[in-house]
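The values are calculated or read from the model by the stated rules, or taken from the named source; none is laboratory data. Since we're looking at a predicted model, the values are computed, not measured. When we count neighbours, we look across all protein chains shown, and the Cβ atoms used for this are built from the backbone with ideal geometry, even at glycine.
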Amino acid sequence: MKHLLKLADLTTEEIISILNLADRLKKERKNGINHTYLAGKTLGMIFQKASTRTRVSFEAGMYQLGGNALFLSDRDLQIGRGESMEDTARVLSRYIDAIMIRTFKQEDVENLARYSSIPVINGLTDYAHPCQVLADLMTIREYKKNLEGRTLCYIGDGNNMANSLIVGGIKTGMKVRIACPSSNKPDAKIMEWAEKNGDFICTEDVFLAAKDADVLYTDVWASMGQEHEIEERRRIFKNYQINDEVLKVAKSDAMVQHCLPAHKGEEITTEVFDKHADEIFDEAENRLHVQKAVLLKLLMPEIN
């Protein structure tokens, strides 16, 4: 594992290894055990999209492991004035030990990694959100004890979250159900891969997708950069909501996940969100532990 650009690049064994290490780090932190594995190491964090959980979890994670994190926005770097990702990668590789980037184009992340001599982590693109889904898988495993054979149902936009949940779910032996409008399906190549490699369904029927689900998952109807489309998206996605009626067709002990921030009353009702808040905020907390595990796997792969 040289980089974390998308979950498709990882083997099932690598994903499980990250989750196992994240579990250990979480348990040890709860017991007051801290490590300085990354003392003297620096993570550069490039943000072309704003963030709460990504920034805080990576920054706090580096600090807790004894290292340092640098917040780098467009205003702090010459990429904001046209310097290429390739040249940015070459320069940063000589100063720091790893790069995390949260941006729009997957191509930019891939180029950064191609020209970098240090690990690159995808903190989010319009195509994929691998760190979030690793935290999701960690949380599902905490609540359900295992992933293999479980049914994961995602309801909403076929966006970066849907893309990464499909891959992460299939690779860990889950059955994946996607409910979305025909106009907003996940990436076609990812769906083709899923149909060949796992138990996968993509449908417009929310209740068909949610039937007997162990996990119900959703995301905002308008992602960052799509705010100008909000009225049209409200019309398209008005029936794609996790609510009490959807919960009735899922398993009686189904859990609910949301990558946050949530727009309650749109993709999820306030009542369902509040009822499942512990699960959702455990999911948010687990971003910290997964981030730390990813950093260690990339910078100190001998640690398990």
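Could we say that Ile96 is surrounded by fewer than 20 Cβ atoms within 10 Å (Cβ to Cβ) and farther than 14 Å from Gln48 by Cα here? Spelling it out, Ile96 is indeed surrounded by fewer than 20 Cβ atoms within 10 Å (Cβ to Cβ) and farther than 14 Å from Gln48 by Cα. Pairs meeting the criteria (first residue in segment 276-304 and modelled with pLDDT under 95 and acidic (Asp, Glu), second residue buried (at least 19 other Cβ atoms within 10 Å of the Cβ) and assigned to a helix (DSSP H, G or I), beta carbons under 9 Å, at least 6 apart or on different chains) are lacking.
For segment 197-215, the tally of residues that are within 19 Å of Glu148 (Cβ to Cβ) and among the aliphatic types (A, V, I, L, M) stands at 3. Taking strands (runs of 3 or more DSSP E) as the structural unit, those lying wholly within segment 171-223 and holding at least 2 residues that are surrounded by 15 or more Cβ atoms within 10 Å (Cβ to Cβ), touching a strand residue (DSSP E or B) at 6+ places or on another chain (Cβ under 6 Å) and hydroxyl-bearing (Ser, Thr, Tyr) correspond to 215-218. Scanning segment 1-50 for residues that are over 22 Å from Gly66 (Cα atoms), among the hydrophobic types (A, V, I, L, M, F, W, C) and assigned to a helix (DSSP H, G or I) returns Leu7, Ala8, Ile15, Ile16. Quick check on Gln257: is it in the same structural domain as Leu65 (by TED's automatic domain parsing), in contact (Cβ under 8 Å) with a residue 12 or more places away in the chain and either within 14 Å of the chain's Cα centre (by Cα) or assigned to a loop (DSSP other than H, G, I, E, B) (or both)? Criteria not met by Gln257.
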